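Below: one structure, written as structure tokens.
The values are calculated or read from the model by the stated rules, or taken from the named source; none is laboratory data. As the structure is a computational prediction, the values presented were derived from the model and not from experiment. Virtual Cβ from ideal backbone geometry, glycine too; neighbours counted across all protein chains shown.
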Amino acid sequence: MKRRETDESKLNILTQLLNQLVTTACGILIPRLLIAAYGSEAYGISASIAQFLSYIAMLEGGIGGVARAKLYGPLAKNDASETSSVYYAVRDFFNHVAAIFVVYSIILGFCYHDLAHVTIFSRTYIFLLVLSIGLATLAKYVGGLANLTLIVADKKVYVNNLIMVATTLVNAATVAILVRMGAGLVLVKLGSSLIFVVRPILYAVYVKKHYVLTRSSPKAVLDQKWTGIGQHIAYFLHKNTDIVLLTLLADLRLVAVYSVYNMVIGSVRSITEALSGGMEAVFGECIAKDDISALRRSYRKYKTLLSAGTLVLFSCAGILIVPFIRLYTKGITDADYIRPAFAWVFLLAEAVNCLVLPCASLPVAANHLRQTRWGAYSEALINIVLSCILIKWNPLLGVAIGTLAATVFRAVYYMAYSAKNILHLPLHRILLPFFGTNFLFFAVTLCGTFLIQAVKIKSFLSWTLWGGLCFLSIAFPVAIAVRKRYGR
């Protein structure tokens, strides 16, 4: 049994890494194609619309966390009746969210042109663009999220990863072909959405084949539903405030600049988080079985992986991001994309997010959403207030500093809560490694940035070679240190 769990965890991590590498490669390709074909402002508009549409996820994510917490026990005990109860309660909820999303999309389609002060597209074109971008999200709610919640709670993250790899590759090819054919932005976004409609269909097929789910079971009561929604709204606002504030209070070209950096830094974060594949489900099973020693061992394993991955990948990103952006936006002159201070503050915020991930996952796994709600609310409030104050001083750097301050608060809060109430460990055993890793990240990035300035990087080939050298120079000593301490 333990061997099966270990193999499953390894498969989750490997497929998560594959998924994030493919997503990163395609995520780098597609924005460059769209900016070159349609311009920074048009790309900024599409990114901003996607961000506004994603706000419907404020209703979704909390239920996903609550549902996973409710599923860990029944799945560990092979209780098909209780599993069915939770599944159908979640599916019915998401169907209601889908109905709300349709109304929200139509309203946004009518209002966005005035809201964002769009000048390059007509009202009708913007309305069609909103509906085209929103189609994939609608399909996700109608048929995908209930099935995906069950799959992830059952520690089968690899199923989702493989489906995402396939659809991401097909989507990238579709976008590239449509752009090359000279299709309009609406047609490109519609083609992309139609590809992603396939994902929920594949989830449904997998669940139908591998689980016995009956409607006759009484519908489960998701007892922390509103707490979960409230927490997720707060976290979602924290993570998605920046583009909305830039849209409303700054310039759509700055949205394009932010989106390009977010694409790169978000990819680094996603690759790092891939090391935590299935982590929450493992924690949830340990807690359901009341095995504190197994929980601590699992926490230590994932914390070590994430700390090492964060130090290596984010240090490399801090050193190489500005040369990469310079090459990536070469020939694009309608916006200034070289923003080193913004890049480094943003990178630090995302590095902190990765380092705190094990502690932030524990309250969800333990179903302690109500107990941690005020930490989530405070995090969102800090980000919004500070970003609104600083955006007039410097739009991009201001929102990045707001994000960093809120993220540091989140990290300290969840580490303190998890240490005391779930892991039952002294706080210093969690805080000291966290601050130590951040200090190393800062020091390595600073030294590497000074060294890379002496190098002339004129092509992606030379950037790749220097990037490989940078990675080996950082990863090798980190791997030795980790093996020396935890290799036994």
Complete set of residues in the stretch 107-143 that are out of contact with any helix residue (DSSP H, G or I) (no Cβ under 6 Å at 6 or more places or on another chain), part of a helix (DSSP H, G or I) and without any contact (Cβ under 8 Å) to a residue 24 or more places away in the chain: 107, 110, 111, 114, 124
Selection count where residues are of a type in the set (Phe, Trp, Tyr) and surrounded by fewer than 12 Cβ atoms within 10 Å (Cβ to Cβ), scope the stretch 414-433: 0
Index of the failed condition, residue 84 passing every other in (1) modelled with pLDDT under 75; (2) within 27 Å of residue 208 (Cα to Cα): (1)
Set 410, 370: member being farther than 30 Å from residue 322 by Cα and either under 23 Å from the mean Cα position of the chain (by Cα) or not aliphatic (A, V, I, L, M) (or both): 370
Pair list, Cβ under 9 Å, 6 or more apart: the stretch 82-105 residue touching a residue at least 60 places away in the same chain (Cβ under 8 Å) and closer than 20 Å to residue 134 by Cβ, other residue of a type outside the set (Val, Ile, Thr) and in a helix (DSSP H, G or I): 93/59; 93/60; 93/67; 93/146; 93/225
Some residue of the stretch 108-115 being aromatic (Phe, Trp, Tyr) and surrounded by 20 or more Cβ atoms within 10 Å (Cβ to Cβ): yes
Pair list, Cβ under 6 Å, 6 or more apart: the stretch 13-25 residue in contact (Cβ under 8 Å) with a residue 40 or more places away in the chain, other residue among the polar types (S, T, N, Q) and crowded, with 17+ Cβ neighbours inside 10 Å: 15/161; 16/161; 19/161; 20/270; 22/168; 23/168; 24/267
Given (1) modelled with pLDDT under 85; (2) closer than 27 Å to residue 91 by Cβ, index of the condition residue 108 fails: (1)
Output for the stretch 378-395, where each listed residue is touching a helix residue (DSSP H, G or I) at 6+ places or on another chain (Cβ under 7 Å), under 19 Å from residue 340 (Cβ atoms) and at pLDDT 85 or above: 390
Residue within the stretch 305-319 that is over 20 Å from residue 16 (Cβ atoms), part of a helix (DSSP H, G or I), in contact (Cβ under 8 Å) with a residue 12 or more places away in the chain and of a type outside the set (Ser, Thr, Tyr) present: yes
Hey, residue 149 free of Cβ contacts under 8 Å to residues at least 24 places away in the same chain, hydroxyl-bearing (Ser, Thr, Tyr) and in a helix (DSSP H, G or I) or not: no
